[in-house]
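The values are calculated or read from the model by the stated rules, or taken from the named source; none is laboratory data. Everything quoted here is computed from the prediction, not taken from an experiment. Using ideal geometry, Cβ is built from the backbone for each residue, glycine included, and neighbour counts are taken over all protein chains shown.
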Amino acid sequence: MCGDWSVRSRTVFEAPKPTKYCPNFGPIGSFYIWSVVCTVYVAMRTIYATPVAILYLAACDTVAERSMPVSFRVPECPPGCTCVCEDPTGSGTASSEGSGAMSSESGAPSTGATSAASGGGEASVGSGGGESSTGSAGGESSTGAGQTGVIPQPTAPCPTIQTGTVTFCPAGFPCRDVRFTSVESTTGSGPLVLAWAGTFNNPDTLVGGDFATDLMISMADTEGGMVALPYPDPEAVGRPDTPFPWWVVCGFVNPSQCDRLDDFALADEIVACSVEQGLIDPDRISSVGGSAGGIMTTHLVNRVPWLAGAVSWSGGVSTANRPIDPPDESTVAVMAVHGGSTDQYCGPGVNECYEFVGPTLALAEDLTTDGRWFLLCDHNTGHHNAMGPQADDFIRLANRAGHPWEGLVPGSIGNWVLDNYCYSFGDPSPWAQ
């Protein structure tokens, strides 16, 4: 069993994936019980988590609970499944068959930054829907002047960053609001996570209403860092037939002003002011987002050198915005996640449903061509940000000095969900096998 290793202010439960990946389920009765549980759970997650669906998380997903510092609690691992528990201090691992499963890794600190480049009028679909977008194709930088290393300098006087809504006014761009979490508990050595909302969402719908976002907030708080959630520009959301929250994410029906750099300037200013005020470790800056937020994150990967990590759920890159070619100074580690054949947007701004598997694979192909390590994952439950606990660990460990998982391939990571849901580019999805 996993023993009594302590974990930083949280307990993580790692549970089995659906039965097709747990073939040796032991007695036939157990097989059918777990099969029904997993089938019902996956169906319920497809229409988003409900209070009842949460009950199934212990059987088919990973749950992180926020708490005071406690010891790992090891639940029972279903018969036939091998469950692994990793000491977050890195001092050992243990595994058990037919008994509790769980895993967690430790993190690291330190620097990165710069941003928006102008670009050609590419069309890039994504975000909360088949959008099209504009931006530069190469890893260019930045909106600000006077850069030091990869961290941009503020272009205007920095507001005092505090928990709640803070207004930034980057030089040459309209002022924008950003919601910050846990600023008072920052240590100067924790991460900064930029979290970009998807279409029809904003920071207020994500905080307390989105499982993956809440996990990221809890992680950042535990690590002495903070999460910054930009509010969409009302002008961007108000574009005709283009309800998408970020300027670079457009629609095919009536694309408008897709080359505006406002959001990239805002990202630079958030990073610059956070570093200037000594709130975070500049080597631990990451970006995450789903749908439109995943596309925005992908464009940041392409443009800025200051990212340590990035998670793009149902984002990726359209043909018009390829190739994704991060700046030479960038050491970003990317986790590209899609939800299989039902991962699509069929709402306003597109003429037909936009599917996200292709753009996610395109991102993986471009990162492969650029010689960069990344994780490509398929949770196979449609258009939402499943695998939140795994993304949480991925970002917690991200550091510009190098990601501790770098070089590992699915099957050797040591996290059961990642080893079974992720796959190498060029191979079929595990769900297709």
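Selection of region 288-312 for residues being touching a Phe, Trp or Tyr at 6+ places or on another chain (Cβ under 7 Å) and assigned to a strand (DSSP E or B) yields Gly289, Gly290, Gly309, Val311. When you check Arg303 against the structure, is it touching a residue at least 60 places away in the same chain (Cβ under 8 Å), more than 11 Å from the chain's Cα centre (by Cα) and surrounded by fewer than 24 Cβ atoms within 10 Å (Cβ to Cβ), yes or no? For Arg303, the condition - touching a residue at least 60 places away in the same chain (Cβ under 8 Å), more than 11 Å from the chain's Cα centre (by Cα) and surrounded by fewer than 24 Cβ atoms within 10 Å (Cβ to Cβ) - is not met. On the stretch given as region 185-204, residues that are touching a Lys or Arg at 6+ places or on another chain (Cβ under 8 Å), more than 28 Å from Pro234 (Cα to Cα) and not in a loop (DSSP other than H, G, I, E, B) total 0. Condition check: surrounded by fewer than 24 Cβ atoms within 10 Å (Cβ to Cβ), out of contact with any Pro (no Cβ under 8 Å at 6 or more places or on another chain) and in a helix (DSSP H, G or I). Does Ala362 satisfy that? For Ala362, the condition - surrounded by fewer than 24 Cβ atoms within 10 Å (Cβ to Cβ), out of contact with any Pro (no Cβ under 8 Å at 6 or more places or on another chain) and in a helix (DSSP H, G or I) - is met. Among the criteria (1) farther than 27 Å from Asp281 by Cβ; (2) touching a residue at least 60 places away in the same chain (Cβ under 8 Å); (3) of a type outside the set (Val, Ile, Thr), the one Asp204 does not fulfil is (2). If you go through region 350-389 and keep only what is touching a helix residue (DSSP H, G or I) at 6+ places or on another chain (Cβ under 6 Å), of a type outside the set (A, V, I, L, M) and under 13 Å from Ala333 (Cβ atoms), you end up with just Phe374. Tell me whether region 419-429 contains one or more residues that are in a loop (DSSP other than H, G, I, E, B), at pLDDT 95 or above, within 21 Å of Val193 (Cβ to Cβ) and out of contact with any strand residue (DSSP E or B) (no Cβ under 6 Å at 6 or more places or on another chain). No - not one qualifying residue is present in region 419-429.
Residues in region 320-329 that are buried (at least 24 other Cβ atoms within 10 Å of the Cβ) and either assigned to a helix (DSSP H, G or I) or of a type outside the set (Val, Ile, Thr) (or both): Asn321 only.
Within the set Val271, Val317, the sole residue that is crowded, with 24+ Cβ neighbours inside 10 Å, in contact with a Leu (Cβ under 9 Å, 6 or more places away or on another chain) and more than 28 Å from Val183 (Cα to Cα) turns out to be Val317.
Beta carbons closer than 8 Å, at least 6 apart along the sequence or on distinct chains, pair a first residue in region 207-229 that is over 14 Å from Pro389 (Cβ atoms) with a second that is at pLDDT below 95 and basic (Lys, Arg) for Glu223/Arg8. The listed residues are Leu375, Leu363, Leu408, and the only one of them that is closer than 20 Å to Val193 by Cα and hydrophobic (A, V, I, L, M, F, W, C) turns out to be Leu375. When you look at Ala398, is it in contact with a strand residue (DSSP E or B) (Cβ under 6 Å, 6 or more places away or on another chain), small (Gly, Ala, Ser) and closer than 28 Å to Leu192 by Cα, yes or no? Considered against the rule, which asks whether it is in contact with a strand residue (DSSP E or B) (Cβ under 6 Å, 6 or more places away or on another chain), small (Gly, Ala, Ser) and closer than 28 Å to Leu192 by Cα, Ala398 comes out as yes. Annotation note: Cβ proximity below 7 Å between a residue of region 400-411 that is over 19 Å from Ser286 (Cα atoms) and a residue that is in a loop (DSSP other than H, G, I, E, B) and of a type outside the set (S, T, N, Q) (sequence gap 6+ or interchain) occurs for Gly407/Trp373. For the list (1) modelled with pLDDT under 95; (2) outside any loop (DSSP other than H, G, I, E, B), I need the number of the one condition that Asn351 fails. Against the list (1) modelled with pLDDT under 95; (2) outside any loop (DSSP other than H, G, I, E, B), Asn351 comes up short only on (2). Note on region 172-184: residues that are in contact (Cβ under 8 Å) with a residue 24 or more places away in the chain and either part of a loop (DSSP other than H, G, I, E, B) or β-branched (Val, Ile, Thr) (or both) amount to 7. The set of residues from region 227-242 being assigned to a loop (DSSP other than H, G, I, E, B) and either modelled with pLDDT under 90 or within 16 Å of Gly294 (Cβ to Cβ) (or both) comprises Pro232, Pro240, Asp241. For region 379-401, does any single residue satisfy the condition of being among the β-branched types (Val, Ile, Thr), farther than 30 Å from Ala220 by Cβ and assigned to a loop (DSSP other than H, G, I, E, B)? No: zero hits.
Of the candidates Gly414, Gly371, the single residue that is in contact (Cβ under 8 Å) with a residue 24 or more places away in the chain, assigned to a loop (DSSP other than H, G, I, E, B) and on the phi > 0 side of the Ramachandran plot is Gly414.
Restricting region 368-381 to residues that are within 17 Å of Asn420 (Cα to Cα) and not charged (D, E, K, R) leaves a set whose member that is surrounded by the fewest Cβ atoms within 10 Å (Cβ to Cβ) is Asn380.
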